[in-house]
Amino acid sequence: MKKYNCLILVLLMIVSTTSFSQPDDHFRGPKRLNPEEKNKIEAKKAAFLTTRLELSVEEAQMFWPVYNEMYKKLDKFRDIRRQMESNQIDIDKTDDDQLLELMNKRIEGREAEVKLEKEYHIKFLEILSTKQVAKLYKSEMEFKRELLRQLKGSRNGGNMPPPKPH
C-alpha cells in the first residue's frame, strides 16, 4: 500500500509540473482544449501508461521526465507542421517553386520527428525493459484511440475505462 501511495504521489508531481509548463496550444484538434481539460487528459494518460507499463516508483521517477521532454520537443515539430498544413494555399495559384519549398519543409519536419523518436527510443531502453518499451508504444496507441472515442462523445460520459490488466 505504501508503494502504491508513493507511486500516486510521484505521478501527481510529474503531471502538475508538466501541466504548468505546457503552452496553451499544446493540444490541437477541431476545438482547442482549455488548460483544465488538457491537465485532466495528461493525468489520465500518465495513470494509464504507468499502470500498463507496471512502472516501479524508481522507474516512474526516471521515465516521466524523459517522456515529457520528448513530447514537448515533438509538439514543437508538430505545431510547425500543422501551421504549414493548415495554411489555405490555393495550389492552382501558387507557383511550383513555392509549392516545392512547402512540400520539402513538411517532409523535413516529419524526418526530424522520426529522428527525435529514435533518439528517445534509445533513452527509454536505458530506463525500461524492452517489454516495457513495447508496451509503451502499444499503450500510447490504445490511449489515443480511447481518447478520440471519448472526444467524439463516448457512451461512458467522457470517463476513461480502467486499463485492462495484462
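Annotations
- Of the listed requirements (1) surrounded by 11 or more Cβ atoms within 10 Å (Cβ to Cβ); (2) β-branched (Val, Ile, Thr); (3) more than 17 Å from the chain's Cα centre (by Cα), ILE122 misses just one: (1).
- Residue tally, condition under 29 Å from GLU140 (Cβ atoms) and surrounded by 11 or more Cβ atoms within 10 Å (Cβ to Cβ), over the stretch 84-101: 2
- Here VAL66 meets the list (1) in contact with a Lys or Arg (Cβ under 7 Å, 6 or more places away or on another chain); (2) modelled with pLDDT under 60; (3) more than 18 Å from MET141 (Cβ to Cβ) almost entirely, failing just condition (2).
- The set of residues in the stretch 104-142 that are in contact (Cβ under 8 Å) with a residue 40 or more places away in the chain and more than 22 Å from ALA46 (Cβ to Cβ) is empty.
The values are calculated or read from the model by the stated rules, or taken from the named source; none is laboratory data. In this text, all values refer to a predicted model and were calculated from it rather than measured experimentally. Every residue, glycine as well, gets a Cβ built from its backbone with ideal geometry; the counts of neighbours run over all protein chains shown.
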